[in-house]
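In what follows, a structure is listed as structure tokens, so that the remarks can point back to it.
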């Protein structure tokens, strides 16, 4: 059985590169993150749908994380590797960061 990798932030430059590397080595790949239609279209062209799962979702809440894991296991039966590459960038004065983007 093929190994399966889940990459959070899979729609970003680093996450996409990780997915491509593992896909070329025969892994099933799962990309989870916030992506625009252009990125999703590019990934759909790169990865065969039998060996990939592309999930456009916000991972800041546990409900969406559980949905990603459930959907992934339903398709591939297991997740062997998790790469947490998700990140977000805010441009603002540091004193405003916690008020607006604190832990949920």
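The values are calculated or read from the model by the stated rules, or taken from the named source; none is laboratory data. Because the structure is a prediction, the values reported are computed rather than measured. No Cβ is skipped: glycine too gets one built from the backbone with ideal geometry, and neighbour counts run over all protein chains shown.
Are any residues in the stretch 47-68 in a helix (DSSP H, G or I) and surrounded by fewer than 15 Cβ atoms within 10 Å (Cβ to Cβ), and if so, which ones? Once the filter is applied, which keeps residues that are in a helix (DSSP H, G or I) and surrounded by fewer than 15 Cβ atoms within 10 Å (Cβ to Cβ), the stretch 47-68 yields 62, 63, 64, 66. Taken over the stretch 1-13, the criterion of being within 18 Å of residue 88 (Cα to Cα), surrounded by 13 or more Cβ atoms within 10 Å (Cβ to Cβ) and out of contact with any helix residue (DSSP H, G or I) (no Cβ under 8 Å at 6 or more places or on another chain) is satisfied by 12 alone. Taking the stretch 38-64 as the range and being more than 20 Å from residue 18 (Cα to Cα) and without any contact (Cβ under 8 Å) to a residue 12 or more places away in the chain as the test, the residues that pass are 62, 63, 64.
Selection over the stretch 14-31 of residues that are touching a residue at least 40 places away in the same chain (Cβ under 8 Å) and crowded, with 22+ Cβ neighbours inside 10 Å gives a count of 3.
Pick out the one residue from 26, 41, 10 that is outside any strand (DSSP E or B) and closer than 14 Å to residue 82 by Cβ.
Working: 26 fails: closer than 14 Å to residue 82 by Cβ; 41 fails: closer than 14 Å to residue 82 by Cβ.
Going through 26, 41, 10 in turn, the sole match is 10.
Scanning the stretch 47-75 for residues that are more than 13 Å from residue 32 (Cβ to Cβ) and either at pLDDT below 80 or in contact with a strand residue (DSSP E or B) (Cβ under 8 Å, 6 or more places away or on another chain) (or both) yields 47, 48, 51. Mind listing just one residue for me: the one in the stretch 76-104 that is at pLDDT 95 or above and in a loop (DSSP other than H, G, I, E, B) and, of those, surrounded by the most Cβ atoms within 10 Å (Cβ to Cβ)? Filtering the stretch 76-104 for residues that are at pLDDT 95 or above and in a loop (DSSP other than H, G, I, E, B), the one surrounded by the most Cβ atoms within 10 Å (Cβ to Cβ) comes out as 79.
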